[in-house]
Amino acid sequence: MQVVAEGQEEAYKSGSMHYMDSREVAEIVGKNHGHLMRDIGRYIKELTQSNFGFSEFFLESSYKDTSGRNNKCYLVTRKGCEFIAHKLTGIKGTKFTATYINRFHEMEGRDSEKLMELRQMVEEHEQDIRNQMRLNELIVDRLKALIVQQDNSTSEDSISVSISGENEIIRRRRNLNQLVKKMADACGWDKVFAMHRLYKSIEDALDISLDAYQEIYQAETMNDHVSTFELILAHDRLYKTAVKICSNTISKMKCL
C-alpha cells in the first residue's frame, strides 16, 4: 500500500500508528535521502526474505517536490526508527535515537490530549442526557400532582385505569362516536367541531386540562401517539362525563 505524504500531519500518522518521514530521518542522521532510501529498500528486502512483515517498520509513500513532481519516500514507524538506529554507531546513532524517541513521545502526547478531550465530550453529553431525563421526571411528577389536585375522586387519581378488556374499549368507541354524531346533527355542527366542543366541555365540567392528562397517559403507556379521544375512552371519569355531556346536549336541542 502506498501513502501520499503531502502534509506533515498525514506523514506523521496513519490510522493508529505514528510515522516519521524518511526525509526527516535522513536529515537527522546526516545522510543523503537517496542513500537512505536505498538502505531502507535493502532492509525491506532482508526483512521479506526473513519472513518478517516490513509494513511494521516501513511504509512506502510519496511526496510532491517544488516542481509538482511525485517522488518516492518512506514513512518510518517507531520499530523502523529503532531498526535504523541499530545500524548507526557513535554520535549519529545517539542523536537519532534521542530525536526519534522525543518525536514519538510528542506525537503520542497529542493523541493523549485528543483522547482526554473526547472523553470529556462524552462525559458532558452523558451528563446532559441524565439532566434531561431528570427534568422529564420532574415534569411528569408535577403534572401528576396537578392532576391529583384537580381530581376530586380518590379512586380515579391515577390516569391509567384498567378497562375490562378490548371489547369494552370497542363498545365505548362505538357508543361515543354515535353520541358525538347525534350531537353534531342536533346542533348543526360537523363532527370535528362537535368533538372539539366536547373536549372543551369536559375541561370546563371537571376543571382540568386534557392536554395534561394526555401527556401523563402517553408517558405511562409509553405511547406518544395516544389521542385525546383514546384517552377519554380509557379513563372512566372522562368517558362518563363525555357521555353525559353529549346526552344532555342532544336532549336540550330536542326540546328547542
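Go through region 183-206 and count every residue that is surrounded by 13 or more Cβ atoms within 10 Å (Cβ to Cβ) and part of a loop (DSSP other than H, G, I, E, B). Qualifying residue count, region 183-206: 1. A search for C-beta distances below 8 Å between a residue of region 125-141 that is under 18 Å from residue 217 (Cα atoms) and surrounded by 10 or more Cβ atoms within 10 Å (Cβ to Cβ) and any residue that is among the acidic types (Asp, Glu) and modelled with pLDDT of 70 or more, counting only pairs 6+ apart in sequence or on different chains, returns 140/215. Of all residues in region 32-84, those satisfying the criterion of being outside any strand (DSSP E or B), of a type in the set (Val, Ile, Thr) and under 13 Å from residue 20 (Cβ atoms) are 40, 77, 84.
The set of residues in region 63-86 being out of contact with any Asp or Glu (no Cβ under 9 Å at 6 or more places or on another chain) and not basic (Lys, Arg) consists of 65, 66, 67, 68, 70, 81, 82, 83, 85, 86. Contact map, region 40-53: residues that are modelled with pLDDT under 85 paired with residues that are not in a helix (DSSP H, G or I), Cβ distance under 6 Å, separation 6+ or inter-chain. No pairs are found. If only residues of region 236-256 that are free of Cβ contacts under 8 Å to residues at least 40 places away in the same chain and outside any loop (DSSP other than H, G, I, E, B) are counted, the one that is surrounded by the most Cβ atoms within 10 Å (Cβ to Cβ) is 238. Being farther than 17 Å from residue 229 by Cα, under 28 Å from the mean Cα position of the chain (by Cα) and modelled with pLDDT of 70 or more: is that true of residue 139 here? Spelling it out, it is not the case that residue 139 is farther than 17 Å from residue 229 by Cα, under 28 Å from the mean Cα position of the chain (by Cα) and modelled with pLDDT of 70 or more.
Once region 94-111 is narrowed to residues that are modelled with pLDDT of 70 or more and aliphatic (A, V, I, L, M), the residue that is surrounded by the most Cβ atoms within 10 Å (Cβ to Cβ) is 107. Only a single item in (1) within 30 Å of residue 36 (Cβ to Cβ); (2) among the basic types (Lys, Arg); (3) modelled with pLDDT under 70 is not met by residue 114, and it is number (1). Of the residues making up region 216-235, those that are in a helix (DSSP H, G or I), surrounded by 16 or more Cβ atoms within 10 Å (Cβ to Cβ) and in contact with a Ser or Thr (Cβ under 9 Å, 6 or more places away or on another chain) number 4.
The values are calculated or read from the model by the stated rules, or taken from the named source; none is laboratory data. Model, not experiment: these values are computed from the prediction. When we count neighbours, we look across all protein chains shown, and the Cβ atoms used for this are built from the backbone with ideal geometry, even at glycine.
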